[in-house]
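Read through the structure below, which is laid out as structure tokens, and then see the notes.
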Amino acid sequence: MKTLINESLVAEQNQSLMPALQEDYDHLGAKLQRSGIDIEAVTQQAAKFQVAVPSWGTGTGGTRFARFPGIGEPRNIFEKLEDCSVINQMVRCTEKVSPHFPWDKVSDFTELKGFADDLGLGFDAVNSNTFQDQPGQEHSYKYGSLTNTCPQTREQAVAHNIECIEWGKTLGSTALTVWIGDGSNFAGQSHFQRQLERYLDSAKEVYNALPDDWSMFIEHKMFEPAFYSTVIQDWGTNVLCAMELGEKAKSLVDLGHHAPNVNIEMIVSRLIQFQKLAGFHFNDSKYGDDDLDSGSLHPFQQFLIFNELVDAEHRNQPGFNPAYMLDQSHNVTDPIESLMNSAEEVQRSYVKALLVDRDALYGFQDSNDAIMAANTLKAAFNLDVAPILAMARVRNGGAIAPIATYRESGYRAAAGEKRPSSGHSGSGIV
Ligand code: RM4
Ligand code: MN
Ligand code: MN
């Protein structure tokens, strides 16, 4: 596997940090032992954890107002993969990349697959894009894509989704994520029911093109770019459509796509119960689809989501196989640093959820002991599991201190030299 940061730098940095880590790890191990938990078993679980990186997250994003490009931004999917490989080299829990088409379209997908293989990377769900017009496109998505009132426009959107599946097959992906921006801005602009009927007709055509071992991940979002109504606006509409389409269709939960204060962990539980949980786009938000770094604002909520996920693992729930992906947009940070941090934050929630004393929790639930049930969750959440995460990383060949080692490598400055700004960018979202 080709690595872009000098391995001896990683080893050197790790060596100087190892004595303190070992001390902290041993201390945590002794503490967990008092509760009958074997730290080694937890570290092994942590070392197996994976979350995919969004190709579009490697560029600097923007807002409706402006975009401020960063130094050495990747200009194409090959350079995005290089950045993803640096992320994975440091954190070793991000072996897969989720591409977005046509942003990441290439003329030779076999070549792209080979390029990723060399960097030790694979591909997670492929994402279609019918929320933007592309140069030379025959029919505009201004008034919608899969739900457009014009049949030719709908056909064009269906065809794009099918070409994404074809490209994904070559890349070794097994899922298509469909998020559409379709909706309306004025009361009365669209007939809700007829619009959803058109969605289902189009989505069925896409669904029918899925290979046997593929899934279709439907992603809902409450609003934006449509601000009065959105076709797939919440998990209710999402799961109804997934049920209508069939077994291969499942509902994807993007953490930023709900109204503030919605109980997302409960939505997750419902989707698990009915075998309809596709997976996640992890990020954090204060207001809406803010795409902030995972766990940066609501780490407890993220922990509660993982509590449901670990519970499902614990209960061996049938059909439980969610895809974990990040979906973020970085406006003021180096995207590589933000993605490394987010991957670690998601892994942290997972590890803390592993430490919940489930039998005790079930007992308190059954005896209606609300305070002890809550304290059982808090006991796991309040543990500092950083030594477990660092130990899992170093055993997998990563860095004890990912951001410090990455900064020391000078990768970003070197990328700046190699990748002069193209003026506009092939990455990031404005
Ligand atoms: C959307 C949604 C999708 C992503 C686009 C770029 O808000 O989160 O997952 O494909 O943004
Ligand atoms: Mn998303
Ligand atoms: Mn989003």
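Just so it is clear, none of the values below were taken in a lab; they were calculated from the coordinates. Everything numeric here is computed off the predicted structure, so don't read it as measured data. When we count neighbours, we look across all protein chains shown, and the Cβ atoms used for this are built from the backbone with ideal geometry, even at glycine.
Can we say F306 is of a type in the set (F, W, Y), part of a helix (DSSP H, G or I) and more than 16 Å from ligand 1 (Cβ to nearest atom)?
Criteria met by F306.
Taken over region 272-303, the criterion of being closer than 23 Å to L176 by Cβ, within 16 Å of ligand 1 (Cβ to nearest atom), assigned to a loop (DSSP other than H, G, I, E, B) and not polar (S, T, N, Q) is satisfied by D289, D291. For S269, state whether it is part of a loop (DSSP other than H, G, I, E, B) and surrounded by fewer than 22 Cβ atoms within 10 Å (Cβ to Cβ). It is false that S269 is part of a loop (DSSP other than H, G, I, E, B) and surrounded by fewer than 22 Cβ atoms within 10 Å (Cβ to Cβ).
Does L121 qualify as being surrounded by 16 or more Cβ atoms within 10 Å (Cβ to Cβ), of a type in the set (A, V, I, L, M), touching a residue at least 12 places away in the same chain (Cβ under 8 Å) and over 20 Å from Y411 (Cα atoms)? So that I can check it myself, show each step before the final result.
Working: surrounded by 16 or more Cβ atoms within 10 Å (Cβ to Cβ): yes; of a type in the set (A, V, I, L, M): yes; touching a residue at least 12 places away in the same chain (Cβ under 8 Å): yes; over 20 Å from Y411 (Cα atoms): no.
In short, no.
Matching residues to (1) without any contact (Cβ under 8 Å) to a residue 12 or more places away in the chain; (2) on the phi > 0 side of the Ramachandran plot; (3) in a helix (DSSP H, G or I):
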| position | (1), (2), (3) |
| --- | --- |
| A353 | no, no, yes |
| V356 | no, no, no |
| D359 | yes, no, yes |
| T376 | no, no, yes |
| A379 | no, no, yes |
| P387 | no, no, yes |
| A390 | no, no, yes |
| R393 | no, no, yes |
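Among all positions in region 170-181, there is no residue which is of a type in the set (S, T, N, Q), surrounded by 19 or more Cβ atoms within 10 Å (Cβ to Cβ), within 16 Å of ligand 2 (Cβ to nearest atom) and within 16 Å of R198 (Cβ to Cβ).
Inspect region 217-229 for any residue being away from ligand 2 (no atom under 16 Å from the Cβ) and in contact with a helix residue (DSSP H, G or I) (Cβ under 6 Å, 6 or more places away or on another chain) and give the result as yes or no. For region 217-229, residues away from ligand 2 (no atom under 16 Å from the Cβ) and in contact with a helix residue (DSSP H, G or I) (Cβ under 6 Å, 6 or more places away or on another chain): absent. Does region 158-179 contain at least one residue that is of a type in the set (S, T, N, Q) and assigned to a loop (DSSP other than H, G, I, E, B)? Scanning region 158-179 turns up at least one residue that is of a type in the set (S, T, N, Q) and assigned to a loop (DSSP other than H, G, I, E, B). The requirement of being within 30 Å of E247 (Cα to Cα) and surrounded by 21 or more Cβ atoms within 10 Å (Cβ to Cβ) is fulfilled somewhere in region 354-368, by at least one residue.
For beta carbons closer than 6 Å, sequence separation of 6+ or different chains, a first residue in region 214-227 that is farther than 15 Å from V253 by Cβ and a second that is within 9 Å of ligand 1 (Cβ to nearest atom) and assigned to a loop (DSSP other than H, G, I, E, B), the qualifying pairs are E224/D289; P225/G181.
When region 305-342 is limited to residues that are small (G, A, S) and either free of Cβ contacts under 8 Å to residues at least 12 places away in the same chain or under 24 Å from G416 (Cα atoms) (or both), the one that is farthest from ligand 2 (Cβ to nearest atom) turns out to be S338.
Across region 148-157, the qualifying residues are those that are out of contact with any helix residue (DSSP H, G or I) (no Cβ under 6 Å at 6 or more places or on another chain) and not in a loop (DSSP other than H, G, I, E, B), and the one among them that is nearest to ligand 2 (Cβ to nearest atom) is A157. The residues listed here are A249, A226, A259; of these, the one that is more than 20 Å from the chain's Cα centre (by Cα) and either of a type in the set (A, V, I, L, M) or closer than 18 Å to N161 by Cα (or both) is A226. Scanning region 248-266 for residues that are surrounded by fewer than 20 Cβ atoms within 10 Å (Cβ to Cβ) and β-branched (V, I, T) gives a single hit, V262. Within region 100-115, residues that are touching a residue at least 12 places away in the same chain (Cβ under 8 Å) sit with their Cβ atoms under 7 Å from residues that are within 16 Å of ligand 2 (Cβ to nearest atom) and in a loop (DSSP other than H, G, I, E, B), at 6+ positions apart or across chains, in these pairs: H100/N129; F101/S128; F101/N129; P102/N129; W103/N129. From the residues in region 35-65 that are without any contact (Cβ under 8 Å) to a residue 40 or more places away in the chain and hydrophobic (A, V, I, L, M, F, W, C), which one is nearest to ligand 2 (Cβ to nearest atom)? Ranking the candidates gives F65 first.
Set side by side, the residues T110, T130 differ, and just one is among the hydroxyl-bearing types (S, T, Y), over 22 Å from A401 (Cα atoms) and surrounded by fewer than 15 Cβ atoms within 10 Å (Cβ to Cβ), which is T110.
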